[in-house]
Amino acid sequence: MKSTTDVNINFQRENLEHALLNDYVKALKNPEFAALVTRLEVPDKVGCKYTSKLETTVEELHNCSKCKSLMECKNKVNGCVYYPNKERERLRFDYVACKYMKENLEASRYRSQVFEEPMAIRNAKMADIDLKDKKRMEVIKWVQNFFKSYQNNKEIKGLYLHGSFGSGKSFILAALLNELAKTGANTVIIYYPEMLRRLKESFSDDFGTMMQKIKTSDVLLIDDIGAESVSAWSRDEILGTILQYRMDSKLPTFFTSNLNIEELEEHLANTKNSIDIPKAKRIIERIKQLTDDLELISENRRK
């Protein structure tokens with residue numbers, strides 16, 4: 001004969017199971033919830049134990065259906081969906097990367113993390129380039145043509161892109177390199193003044209490793225050249241070495257600068273202690289060998 005305690009426990013268990021089943025049946029009235037359960041091939045006796053978690057999955061999948069970028073993500077964990085996998089008589093929930101997060105992760109596999117990139121540069125996409133400004137069209141068409149051509153020819157010239165402050169030079173070229181990274185290219189983007197500072201700091205540590213990554217990357221962007229303080233060391237030992245290697249190896253190389261090529265030559269000739277025009281000319285000749293030259297004059301987008 002069952003004790004009163006046993007009867008109460010069984011009664012409570014039956015009430016709980018009945019409540020769980022009611023909640024589950026109500027949730028099944030949502031077509032998205034029903035479709036998820038069908039896709040998972042979950043028996044009712046299993047599904048009713050995870051109603052609230054499955055509803056969270058449905059809500060996050062619904063958010064994803066209307067989302068256009070990581071910046072718009074409304075889910076609890078940015079770029080992820082709380083998604084179940086069936087394991088025998090239970091469900092296991094994990095945060096699974098959405099398509100936009102997968103794109104970022106895939107690009108990160110190939111992009112050498114030599115230096116930390118600003119967020120705007122790291123997330124730049126060709127699809128996000130503003131096409132309204134007609135002054136930018138020549139540059140944009142060049143970039144689009146490069147992207148198409150690079151798939152068949154890995155030894156084509158890069159671009160020396162100079163022009164007005166804040167016109168979007170860095171964003172446009174970073175977007176190109178980010179897209180190339182998704183196709184499997186090992187791309188490196190460096191902010192030139194910061195690169196020189198970091199290389200000085202690491203001279204006795206991992207200087208050689210950092211230089212090797214920069215020199216040998218499939219595609220390299222040297223951002224804001226001409227904004228640095230010039231020394232014979234930075235010009236001849238660092239920049240000269242990188243450019244000579246890439247010229248010999250026929251590796252696409254890109255530059256952004258507020259200076260045109262003649263102004264950059266003058267800038268490179270003047271160090272703190274001397275003026276060396278021949279060595280500056282040597283650097284400029286390497287840049288000309290590696291790149292086409294385009295100007296971008298547009299409104300200051302950093303406002």
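The values are calculated or read from the model by the stated rules, or taken from the named source; none is laboratory data. Keep in mind the model is a prediction, meaning the values are calculated, not measured. All Cβ positions, even for glycine, are placed from backbone atoms using ideal geometry, and neighbour counts span all protein chains on display. Heads up: the accessible areas ignore ligands, DNA and RNA and are worked out on the full protein's heavy atoms, side chains in. Shrake-Rupley method; radii C 1.70, N 1.55, O 1.52, S 1.80 Å.
Here the condition is being open to solvent by 20 Å² or more (accessible area, probe 1.4 Å), of a type in the set (Val, Ile, Thr) and closer than 27 Å to Leu296 by Cβ; of Thr183, Thr187, Thr209, it holds for Thr183 alone.
Taking Leu243 as the residue in question, decide whether it is closer than 22 Å to Ile189 by Cα, assigned to a loop (DSSP other than H, G, I, E, B), hydrophobic (A, V, I, L, M, F, W, C) and in contact (Cβ under 8 Å) with a residue 40 or more places away in the chain. For Leu243, the condition - closer than 22 Å to Ile189 by Cα, assigned to a loop (DSSP other than H, G, I, E, B), hydrophobic (A, V, I, L, M, F, W, C) and in contact (Cβ under 8 Å) with a residue 40 or more places away in the chain - is not met.
Close contacts from the range 257-283, counting a first residue that is free of Cβ contacts under 8 Å to residues at least 60 places away in the same chain and in a helix (DSSP H, G or I) and a second that is open to solvent by 80 Å² or more (accessible area, probe 1.4 Å) and among the charged types (D, E, K, R), with Cβ to Cβ under 7 Å and a gap of 6+ residues or different chains, come to Glu265/Lys281.
When Gln244 is tested against (1) out of contact with any helix residue (DSSP H, G or I) (no Cβ under 8 Å at 6 or more places or on another chain); (2) surrounded by fewer than 18 Cβ atoms within 10 Å (Cβ to Cβ), exactly one condition is not met: (1). The residue that is modelled with the highest pLDDT, among those in the range 1-28 that are open to solvent by 80 Å² or more (accessible area, probe 1.4 Å) and assigned to a loop (DSSP other than H, G, I, E, B), is Met1.
Go through the residues of the range 196-217 one by one and say whether even a single one is under 26 Å from Ala127 (Cβ atoms) and not charged (D, E, K, R).
Initial filter on the range 196-217 (under 26 Å from Ala127 (Cβ atoms)): 217.
Within this subset, residues satisfying the condition of being not charged (D, E, K, R) are 217.
Within the range 196-217 (the criterion being under 26 Å from Ala127 (Cβ atoms) and not charged (D, E, K, R)), the answer is yes, since at least one residue qualifies.
From the list Ile225, Ile238, pick out the single residue that is open to solvent by less than 40 Å² (accessible area, probe 1.4 Å), farther than 26 Å from Asn153 by Cα and assigned to a loop (DSSP other than H, G, I, E, B). First the steps, then the outcome.
Numbers: Ile238 fails: assigned to a loop (DSSP other than H, G, I, E, B).
Step by step, each of Ile225, Ile238 is checked, and only Ile225 is open to solvent by less than 40 Å² (accessible area, probe 1.4 Å), farther than 26 Å from Asn153 by Cα and assigned to a loop (DSSP other than H, G, I, E, B).
Within the range 159-168, is there a residue that is part of a helix (DSSP H, G or I) and under 18 Å from Glu295 (Cα atoms)? Show your work before the answer.
We begin by selecting, within the range 159-168, every residue part of a helix (DSSP H, G or I); these are none.
Looking through the range 159-168, none of the residues is part of a helix (DSSP H, G or I) and under 18 Å from Glu295 (Cα atoms).
Considering the range 169-193 alone, what residues qualify as being in a helix (DSSP H, G or I) and in contact with a strand residue (DSSP E or B) (Cβ under 6 Å, 6 or more places away or on another chain)?
Going residue by residue through the range 169-193, those that are in a helix (DSSP H, G or I) are 169-182, 192-193.
Across the range 169-193, the qualifying residues are Lys169, Ser170, Leu173, Ala174, Leu177, Leu180, Ala181, Tyr192.
Considering the conditions (1) open to solvent by 10 Å² or more (accessible area, probe 1.4 Å); (2) more than 26 Å from the chain's Cα centre (by Cα), Ile283 is excluded by exactly one of them, (1). Search the range 76-93 for residues being modelled with pLDDT under 85 and in a strand (DSSP E or B), and hand back the single one that is surrounded by the most Cβ atoms within 10 Å (Cβ to Cβ). Selected residue: Lys86.
Pairs are defined by a Cβ separation below 8 Å, a sequence spacing of at least 6 or placement on different chains, a first member in the range 55-74 that is β-branched (Val, Ile, Thr), and a second member that is open to solvent by 30 Å² or more (accessible area, probe 1.4 Å) and outside any loop (DSSP other than H, G, I, E, B); the pairs so defined are Thr56/Tyr82; Thr57/Tyr82; Thr57/Tyr83; Val58/Glu32.
In the range 29-60, the residue that is most open to solvent (accessible area, probe 1.4 Å) out of those that are part of a helix (DSSP H, G or I) and among the β-branched types (Val, Ile, Thr) is Thr38. For the range 118-157, the set of residues classified as in a helix (DSSP H, G or I), closer than 17 Å to Glu295 by Cα, open to solvent by less than 100 Å² (accessible area, probe 1.4 Å) and touching a strand residue (DSSP E or B) at 6+ places or on another chain (Cβ under 7 Å) consists of Arg136, Val139, Trp142, listed by residue number.
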